[in-house]
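Visitor: Sharing a structure, written as structure tokens. Questions coming.
Only the coordinates and a few stated rules stand behind these numbers; no lab work does. Quantities reported herein were computed from a predicted structural model and do not represent experimental measurements. Using ideal geometry, Cβ is built from the backbone for each residue, glycine included, and neighbour counts are taken over all protein chains shown.
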């Protein structure tokens, strides 16, 4: 009787292992058909190839870069749907899904750029009571992203525009190219109604 019980338990274990193995084999068999897929990335506006774009197959964790013709080749990819992520500094590209059973895919993307005709930031000049003044409003300062008074004063007409120097103290100059401190005599800088 004992031997009969042991043989039944062993038969059940053996049968359960066989069915599990068959299920695993059945599931893995669905993805054993593999193929090579090629993605071609083009600029939508100019029909030029997108070079050096990083292409990622999200589910597999595979990465590749586009060549000089805009092509990306992935080899031995299971034939199913995958999420593709494309990264490039000049383009904003959403994630998209491809069917890997098709071998060639063509994608066209628009460049991520902002075209501005012209941006002019100047202080508004006024002439009252024989004196001239230049008013630079808050929006102009915020747009300039000024970090010092010298950068703000570059908006005054006739003032020299220089690159900021972070190694030394910056000096603001009005109507002069040197730092003799006499060129701005009689000039008042007023911030929020208070003279500096």
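Visitor: Taking every DSSP beta bridge that has both residues in region 34-109, what percent is antiparallel when rounded to the nearest 5? Intermediate results must be reported in sequence, preceding the final value.
Guide: On the way: 20 of 26 bridges.
The antiparallel fraction comes to roughly 75 percent.
Visitor: Also, quick follow-up: Taking 7 Å along the Cα-to-C-beta vector as the label spot, tell me the residue 45-residue 156 distance in nanometres, rounded to one decimal.
Guide: In this crude spin-label approximation the distance works out to 3.9 nm.
Visitor: Send over the semi-axes of region 34-109's equivalent ellipsoid, whole angstrom and largest first, taken as the square roots of 5 times the C-alpha gyration tensor eigenvalues.
Guide: 20, 12, 11
Visitor: Rounded to the nearest 0.05, what FRET efficiency do residue 65 and residue 33 have when you use their Cβ-Cβ distance and R0 = 22 Å?
Guide: After rounding to 0.05, the efficiency reads 0.25.
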